[in-house]
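Here is the structure we will look at, set down as structure tokens.
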């Protein structure tokens, strides 16, 4: 079985997506962006093992009506090793909470790295994308850092409405105003 570690879990998170969220910071990232806010999570071995008990705890945290959804961050959720663990967990989230939304932060670029053949794609990628509502994509670029941006760190990063983008075949940014 593929294993994954996580660095942190935040309950009642209001910084990493719209509304009140449960956020899972996975471990492992090969992007290694200069100025990363979470460089300790580059190490795939950082933190604690993501186990069935961890999944159960997260599913319980998602239960209250005031929790709007789940956010995946890192590290890099779209590392192939992490996708193979995240997929099963997202299936459980969607089965139990079909009305909760899922946000994912990735350094990968939606069109060229997640939808097209690249080292980031595997047998799990398309199904994971089918369950993500909002994707914040693109590597953090310190020269383009902008602290006034909502839900992202540099102005090259985009906030994408994944389901509309997949339906239309055109990348559509998420309108949260």
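Just so you know, all these numbers are worked out from the coordinates, no wet-lab data involved. Being a predicted model, the structure only gives us computed values, none of them experimental. Glycine also receives a Cβ, built like all others from the backbone with ideal geometry; neighbour counts cover every protein chain displayed.
Tabulated data
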{"quantity": "Highest to lowest packing among 92-101, 106-115, 54-63, scored as the average C-beta count within 10 Å", "calculated": "106-115, 54-63, 92-101"}
{"quantity": "Rounded to 5, percent antiparallel among DSSP beta bridges of the chain", "calculated": "50"}
{"quantity": "Gain upon complete extension [residue 172, residue 158; 0.36 nm per residue less C-alpha separation]", "calculated": "4.1 nm"}
{"quantity": "Among 151, 37, 25, residue whose mean-square fluctuation peaks in a GNM of the chain (springs only between Cα atoms under 10 Å)", "calculated": "37"}
{"quantity": "Ordering of 119-132, 73-86 by burial proxy (mean other Cβ atoms within 10 Å per residue, highest first)", "calculated": "73-86, 119-132"}
{"quantity": "Sorted by Cβ density within 10 Å, fewest first, the residues 43, 137, 68", "calculated": "43, 68, 137"}
{"quantity": "Helix-derived mean residue ellipticity, 222 nm - over the chain, DSSP H n ≥ 4, -39500 (n - 2.57), to 500", "calculated": "-7000 deg cm²/dmol"}
{"quantity": "Relative contact order for the chain, counting Cα pairs under 8 Å that sit 6 or more residues apart, in percent", "calculated": "19"}
